[in-house]
Amino acid sequence: MKANVISKILFFGLSLLPTVRQTTAQPILDGRVTVSNLAVSRAEDKLFVSMEFDVSALHLESDVEMLLTPTLTQGASGTSLPPALIAGRNRYYLHLRNGLTPDDATLYRQGRVSLIEYRAVIPYEPWMNTAMLSARSEIRGCGGAPLAGADQRLTTLDLEPERRYFMPVPVYVRPEAEAKILTVEGSAYIDFPVNRTEIHDTYRNNQAELRKILATIDAVKADADTRIIGVKIKGYASPEGPYANNERLAKGRTQTLKEYVRRQYDFPESLLTTDYEPEDWAGLERFVETSGLNDREAILAAIRSDLAPDAKEWRIKKNYPEAYAYLLANVYPGLRHSDYAVKYEVRAYTDVAEIRRLLRTQPQKLSLQEMYMAAQEMEPGSDEYAETFEIAVRMFPDDATANLNAATTALMRGDLKRADGYLSKAGERAEAIYARGVLAALAERYDEAAALFGQAHDGGVTEAGEALRQVAELMNEPK
């Protein structure tokens, strides 16, 4: 599979954040409000604050409201976070009608909310590493007049100094469009009269077996997106009897089955092809290998020998008569079969909405290029985005491009073990070497990563230059 155009997006969420967590519930306001699941974390120039306010025990009169404001203080430094405003019925509707709610506050109606999931992101400043986080509550009455207020400490931050992490740019490879030629296969067990080659569709179980072949063809023909381009039938006979006669039967019966199928659909002669195997020794070998026959190893030796087919059969029949009788009665009938394969072409898809639907229902009808095209319309890093590349590699498990892109998505999500598995089948193109460098860098194997990034950069992956710079800085960073 050839590939061109390189796609790039930034990695998100791979670095661990310096974090303070407090899961124990903490009552404030004399137990009328409870704070739980408090977490404060930092990344670069942002501070993230989250907690849950349980206000189910808070009761406010209709004309009363409470402003709940988280605050950070450290010595002379301090800042207020966006507040939550919980209002009684009259105050709530007064805010809605007159737009009285502060711009940074979120308005809630008392009695209609029991749990407030609080989230805030503010600019980070160094003094915040050891700041005290408090909850300031202010009860206000009619006209906003203050009635009561209090500050209650929630926790003291202890944020570690920020550690630097490797943050690569992933490189995806866009597969080229290719014709989609698929094949559906099966086996039918048609019974013929002894030493005869004509088909009787009412003979024994022939009606059901013939229907299997026709149903496979019908399923492909009924799909408006597909076009049958070939039907192949290969007939097999079992090893008993003279090889020359079995060859005649296998060839003749296969030709008869071909003509039967062609008449049902009026296919052109060139659309159907045939082949035959006079005696299915490979099928017999597969059975004996997994059987519990007493003379299994000796029979396998005979099957695998260089003897002529008739001599092999005679050796088994003469030396192991009990096993031969069992094989003749229970295994040989299954060796008289007709394998069929319907080859068809699937039309190209250009509508992304249609491709996304097929990803969920019939991914086998899509090419790698079509799946890639749909992924470009998805949110990078989302579950749907990742699943698209997972589907691609399931449909094309041995394709280097599919494995490379799936590995890149796994790296993007921090799944280094899965990425390593995909990279083992991603080939040796420069982009695959770069992805192996990303894997090594994320695993903090910086010497290995530097060597791989150097190779990838020499191979034309420009993103490897920035990756090399980051790895060099990390290698020189104090432990």
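Please treat every number below as a calculation from the coordinates, not as lab data. Keep in mind it's a predicted model, so treat the numbers as computed, not measured. In this analysis, Cβ positions are derived from the backbone assuming ideal geometry, glycine residues included, and neighbour counts consider all displayed protein chains.
Data table
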| item | result |
| --- | --- |
| Rounded if a/c under 1.5, otherwise prolate or oblate - the range 334-427, Cα gyration tensor axes | oblate |
| Inter-probe distance in nm under a simple model that places probes 7 Å from Cα toward Cβ, at residue 153 and residue 32 | 2.4 |
| Extension gain from residue 287 to residue 379, taking 0.36 nm per residue of separation minus the Cα-Cα distance | 28.1 nm |
| Taking 194, 20 and counting other C-beta atoms within 10 Å, the order from fewest to most | 194, 20 |
| The chain: antiparallel DSSP beta bridges as a percent of all, rounded to 5 | 85 |
| Mean separation of Cα contacts under 8 Å, 6 or more apart, over the residue count of the chain: relative contact order % | 14 |
| Karplus 3J(HN,Hα) series, Hz, for the range 50-58 with 6.51 cos²θ - 1.76 cosθ + 1.60 (x for Gly, Pro) | 9, 6, 10, 9, 8, 10, 5, 8, 8 |
| Longest to shortest principal axis, alpha-carbon extents of the range 44-168, angstrom | 52, 35, 26 |
| Scattering curve values for the range 49-93, log₁₀ I(q)/I(0), Debye with Cα scatterers, q = 0.19, 0.23 Å⁻¹ | -0.70, -0.86 |
| Residues of type lysines that residue 425 reaches as a straight line, Cα spacing below 17 Å, ignoring anything fewer than 8 places off in the same chain | 2, 417 |
| Residue 387-residue 21 FRET efficiency (beta carbon distance; Förster radius 41 Å; 0.05 resolution) | 0.85 |
| Neighbour-count ranking [beta-carbon atoms within 10 angstrom, fewest first] of 95, 59 | 59, 95 |
| Label point distance in nm, residue 447-residue 145, each placed 7 Å from Cα along Cα→Cβ | 7.7 |
| For the range 312-375 versus the range 84-156, the gap between their alpha-carbon centres in whole angstrom | 65 |
| Added length on full extension, which subtracts the Cα-Cα distance from 0.36 nm per residue, residue 328 to residue 398 | 21.3 nm |
| Whole-Hz couplings from phi, Karplus 6.51/-1.76/1.60, listed for the range 72-85; x for Gly and Pro | 10, 9, 8, x, 7, 9, x, 7, 9, 8, x, x, 10, 10 |
| Exceeding the 20 Å Cα-Cα cut-off - candidates 234/318; 221/365; 221/343; 212/232 | 234/318 |
| Cα Rg over Rh - the range 180-345, Kirkwood | 1.03 |
| Average Cα contact separation per residue, the range 19-156, under 8 Å, 6 or more apart, as relative contact order % | 25 |
| Candidate aspartates and glutamates - alpha carbon under 12 Å from residue 180, same-chain residues fewer than 8 apart omitted | 225, 345, 370 |
| For peptides 440-448, 74-82, 128-136, sequence by mean Cβ density within 10 Å, most packed first | 128-136, 440-448, 74-82 |
| Taking 366, 359 and counting other C-beta atoms within 10 Å, the order from fewest to most | 359, 366 |
| ³J(HN,Hα), Karplus 6.51/-1.76/1.60, whole Hz, each residue of the range 306-315, x for Gly, Pro | 8, 5, 5, x, 5, 5, 4, 4, 4, 4 |
